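Quick notes on the structure that follows.
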Ligand code: UDP
Ligand code: MG
């Protein structure tokens, strides 16, 4: 019998865990698959770990991985995927926003021979306009400057075959942007669109700051073109400033040199800004290189009942 692993990261999700565990158990009851449900407790400070211990004692299909602190959604996902033992691995959120009934469609596509079945979130009218707009702009910009294209709304709700999971586990980058990495790995991929559900309990763990960080990772860990953009800006600016030269010389020879204060201030401020921006872009890449060179693991497991 084929075995399916379901990996669910949980960060302060005490109100959701029993609900989603119940729903998934119901989905697998009539199916001819063996399954394991792996919860990754990403350093929760509420009753999440207690509930996971109880559940795993009650139900032999349920396992937990406890990380030593909060490592973030992407690292928690990787921890679960690295430990999963199934013939395919399904990852999903804990809060019921990823409709569990889609698992049936994913498994059907997998049986048809697809190695990756990922999902795309259709536009959700309940999400604030600001979040929708920035998300759309991010995917547009990202796809322009990167070779690996990602459809708008690509979610971390997906099924990957064991082979893909193994390749993914072998990647040692410190900056995780999993939806991009899976796309990069390739194999036969299939996309399913879905209407996101309502968060069952609790509130979102993604702040504007962490969304911005994820977006930045999605750009800088897949493309070096911002570095080239910086170079182009520098080049265009130096061409433009050389056009200014004849005017400077002309003013000098006509003796009209003291009245240029405002244009000097303008250029100093303008070029100062451009230089800082370019230094910033360089700094981001240098920082990423620094973090990567330390070769630290993406997560640390404190305790687990997976052997
Ligand atoms: N999550 C996590 N670690 C974190 C933040 C979130 O494991 O530091 C989990 C969270 O428990 C949930 C999933 O990642 O299962 C998605 O988080 P959330 O629903 O808060 O994000 P949103 O759907 O609002 O983007
Ligand atoms: Mg959510």
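Quick note: the coordinates plus some simple rules give every number you see, no bench work behind them. The model shown is predicted, which means the values in this text are computed figures rather than measured ones. Using ideal geometry, Cβ is built from the backbone for each residue, glycine included, and neighbour counts are taken over all protein chains shown.
Rounded to the nearest 10 degrees, the inclination of helix 73-83 to the longest alpha-carbon principal axis of the chain is 40 degrees.
When each of the peptides 71-77, 294-300 is scored by how many other beta carbons lie within 10 Å of its residues on average, the order from highest to lowest is 71-77, 294-300.
Sum -39500 (n - 2.57) across every DSSP H segment of at least 4 residues in the chain, then divide by the residue count to get the 222 nm mean residue ellipticity, nearest 500.
Details: 10 runs with 155 residues, N = 307.
So the helix-based figure for the chain works out to -16500 deg cm²/dmol.
Taken as Cα centroids, the stretch 134-177 and the stretch 103-120 sit 17 Å apart, rounded to the nearest whole angstrom.
Of all DSSP beta bridges in the chain, what percent run antiparallel (nearest 5)? Of those bridges, close to 30 percent are antiparallel. The convex hull around the C-alpha trace of the chain, projected and averaged over every direction, spans 19.7 square nanometres.
Quick one, can you get me the convex hull of the C-alpha atoms of the stretch 140-223 expressed as volume per residue in Å³? Don't skip to the end; give the middle numbers.
On the way: hull volume 11.1 nm³, N = 84.
Considering the Cα atoms of the stretch 140-223, their hull volume per residue is 132 Å³.
When each of the peptides 38-47, 270-279 is scored by how many other beta carbons lie within 10 Å of its residues on average, the order from highest to lowest is 38-47, 270-279.
Packing, as the average of other Cβ atoms within 10 Å across residues, places the peptides 182-190, 226-234 in the order 182-190, 226-234, highest first. Look at where the Cα atoms of the stretch 20-80 and of the stretch 186-219 average out, and the two centres are 19 Å apart.
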